[in-house]
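A short write-up of the structure that comes next.
All of the numbers you see were taken from the coordinates with simple rules; none came from a lab. It should be emphasised that the depicted structure is a prediction, and the values quoted were computed from it without experimental measurement. Neighbour counts are summed over all protein chains in view; Cβ atoms, including those assigned to glycine, are modelled from backbone coordinates with ideal geometry.
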Ligand SMILES: Cc1ncc(COP(=O)(O)O)c(C=O)c1O
């Protein structure tokens, strides 16, 4: 397809693509889950109403359903820039896909093999790896700076050895919003002879995933946080997958990828929704009227261009939020205080010196503004940073469809309570 280079679209025209935004509630809890564009909802509805039959039976409706599931997979291979080097496996969530992966890796573990897990991670990319200790794996930790929660590559280098098999770490912490240099970390791990398993859940709503440029072995994200249906995706390189046996039934050939790793198959209507997502991306990439079946041809350049548009839309929103919170000496940003889009995404956590997170969230909710409080399943990171896990942090998370005036509405409410 051809697209013009993206300029920042009118925010209201973008918001109109999302029926869920037609509400007085300000939705600043997008790191929990995003809204979907009408294209996604329509595609799911159409699938359920017209093609909701089983795959591979050979009659027309079944052929259409089969083609939809195949199209979604092929689209996602291009979406992550992984076409030809690996495949995207679909599942019900990132957490479940990480468990599928760890169960496939478990029989390959030999006593003394080292697995590196990361303190900054969401539990989805920690707990399943710790279980491999029972198989004889030695667990090593890539620790954070306890003050800032940040990771550095020297700390990673220090825990790598010639026994390193896998290193599991986040691309962005869902609590800090800080972007980790995945490409550099992967280079270090590969030099030691290990493979990387990257949790891209908190990165994927904001930037294009480029598994080819980063050379990652495994990369997971949640499609329901990226304007799509409630599913998860896991990119796996062909050579990394070839070492593993997928869990699907014994008579399904080992090389029938991704199906061998998709227990019971992927949600069919979810796959239809994923195809619908391609229309949103094409619009954000500058194609005013993308064809209904654009998922069949939507390429990585279109995806990249769409996410560049999203980044440009998010930049003033995250800058405004950090600037307004920064006016209060009583507020501490948990994560980078920089609004540089190369440093962070618009997932911003904070603590107040006297108001507890629960109270702050209550105040926002009373003003019809959705934000969240808690450890965000980054339980170990909170513990390490000395943040009480019961209270956790206040997290305000914006994406491209949020506006500066929504941020102002929240901050006006918070200003009052911070002053009082
Ligand atoms: C960084 C991160 N990783 C993993 C997960 C788990 O994703 P899922 O809900 O798809 O299992 C989340 C969910 O919030 C997350 O924020």
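Roughly speaking, what % of Cα-Cα pairs in region 1-140 are separated by over 19 Å, rounded to a whole number? Taking all Cα-Cα pairs of region 1-140, the fraction more than 19 Å apart is 72 percent.
The packing ranking of peptides 329-337, 119-127, 10-18, highest mean first, is 119-127, 329-337, 10-18, where packing means the average number of other beta carbon atoms within 10 angstrom of each residue. Spread over its residues, the convex hull of the C-alpha atoms of the chain is 135 Å³ per residue. Only DSSP H runs of four or more residues enter the estimate; each adds -39500 (n - 2.57), and after division by the residues of the chain the mean residue ellipticity at 222 nm equals -11500 deg cm²/dmol. The packing ranking of peptides 139-149, 75-85, highest mean first, is 75-85, 139-149, where packing means the average number of other beta carbon atoms within 10 angstrom of each residue.
The residues 224, 59, when put in order of fewest to most other Cβ atoms within 10 Å, stand as 59, 224. Structural size metrics of region 67-140, computed from C-alpha coordinates, are Rg and Dmax of 15.1, 45 Å. What residues from region 16-49 fall in the zone where the backbone N is under 16 Å from a label point 7 Å along the Cα-to-C-beta line of residue 367? So the set is 24-29. Radius of gyration over Kirkwood radius for region 190-286, both on Cα atoms: the Rg/Rh ratio is 1.00. By the Cα gyration tensor, region 42-277 has an equivalent ellipsoid whose semi-axes, rounded to whole angstrom, run 32, 20, 14 from largest to smallest. What separates the Cα centres of region 1-68 and region 154-228 is a distance of 27 Å.
Here the relative contact order of the chain, from alpha carbon pairs under 8 Å that lie six or more residues apart, stands at 23 percent.
Each 10 Å bin, from zero up to the one with the longest distance, holds this percent of the alpha carbon pairs of region 287-416: 11, 37, 29, 14, 8, 0.
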